[in-house]
Amino acid sequence: MSTLKGRDFLALADFTGAEIELLVDTGLLLKKQLKEGTPHDHLKGKSLAMIFEKSSTRTRMAFEVGMYQLGGQALFLSSRDLQIGRGESIADTARVMSRYVDGILIRTYKQSDVVDLAAYADVPVINGLTDWSHPTQVIADFMTIKEHKGQLEGLKIAYVGDGNNMLHSLYIGGAQVGMSVAAACPIGYEPDASVVKAAQAAGQETITLTTDPHEAVQDADIIYTDTWASMGQESEKAERQKIFKDYQVNAALMAKARPGAIFMHCLPAYRGLEVTEDVLEGPSSVVFDEAENRLHAHKAIMASIIN
């Protein structure tokens with residue numbers, strides 16, 4: 001873990017495949033230690049400031065409970081609790097917080113705000129989600145895949161749905177650790193071209209994009225989806241349901257994958273829209289293992305980077 005001390009966790013592109021796997025394996029170790037009752041208070045006496053401009057269930061609970069289990073404390077701060085909500089600059093906020101805490105988590109809209117916060121902070125900054133990326137989720141996802149499949153390298157993830165922040169991070173993270181990532185997105189809802197290009201540069205021919213879900217899931221080891229309308233897109237929900245109706249993960253689509261394929265979703269899930277009830281609650285679904293692993297993955301990130 002020492003090689004990551006003091007580093008920010010802003011995007012998976014900042015980490016090598018070996019470093020990503022180190023975080024995954026650290027999460028698995030911390031999970032094992034918790035189950036066994038082995039003390040792992042690696043951050044005793046440390047504090048984490050948590051800035052939430054976007055609401056959350058799993059991210060907030062995982063970091064708050066995780067910091068407690070590591071022996072430290074977490075401070076939840078919404079934009080209403082901070083002067084940043086009244087116009088104080090990110091630079092000033094970062095410099096003040098750095099005098100009080102040992103790390104800062106931020107869950108917000110713009111990736112540039114996370115980058116700016118890290119530029120002015122003297123303590124590690126963690127990207128808890130932006131409209132551009134969701135790197136902490138992918139560490140939990142890869143933990144779950146490794147638990148169920150025993151490895152990461154050589155496996156194929158098929159992502160079906162909106163080309164959003166989740167797909168961006170899966171593309172980059174998957175390429176870094178040697179996985180194939182095939183995505184199927186409707187025209188006009190593709191991932192950012194620069195992300196696809198960067199992932200293809202790292203993963204070569206193993207990173208693909210299509211409009212056909214059946215093509216994407218062929219021989220996949222993992223099928224992954226996300227909500228069709230993310231936070232901030234609520235006004236588009238009805239229109240998106242029409243556009244994405246052929247991108248639902250159902251039993252017929254799962255049957256196109258490799259035998260023993262697992263289904264993943266970062267949650268919250270909307271049954272009957274992006275996924276059917278029988279798939280979400282069926283034997284191939286590992287979504288609640290995935291949700292549980294947010295706790296251990298986030299502990300791994302904090303324990304690895306906070307001094």
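Computing Rg and the Kirkwood Rh from the Cα coordinates of the chain gives a ratio, Rg/Rh, of 0.96.
Evaluated over the Cα positions of the stretch 1-57, the convex hull gives a direction-averaged projected area, one quarter of its surface, of 5.6 nm².
Modelled label positions at Lys5 and Ile187, each set 7 Å beyond Cα in the direction of Cβ, lie 5.5 nm from each other. Counting only residues at least eight positions apart within a chain, or on another chain, the lysines with an alpha carbon under 21 Å from that of Lys44 are Lys5, Lys31, Lys32, Lys35, Lys299.
Across the stretch 162-307, Cα-Cα pairs more than 25 Å apart make up 29 percent of the total.
Rounding to the nearest 10 and keeping the result within 0 to 90°, find how far the Cα-based axis of helix 193-203 lies from the longest principal axis of the chain. Taking the Cα atoms of the chain, the angle to 193-203 is about 90 degrees. Taking Cα atoms only, the orientation of helix 135-149 departs from the longest principal axis of the chain by about 60 degrees. Overall, the stretch 1-134 carries a charge dipole of about 380 debye about its Cα centre when +1 sits on the Cβ of Lys and Arg and -1 on the Cβ of Asp and Glu, all other atoms neutral. The C-alpha atoms of the chain define a longest principal axis, and helix 165-177 lies at about 90 degrees to it.
Every number here is computed from the coordinates shown, using simple stated rules; none is lab data. What you are looking at is a predicted structure, and each value in this text was computed from that prediction instead of being measured. We place every Cβ from the backbone using ideal geometry, glycine too, and count neighbours over all the protein chains shown.
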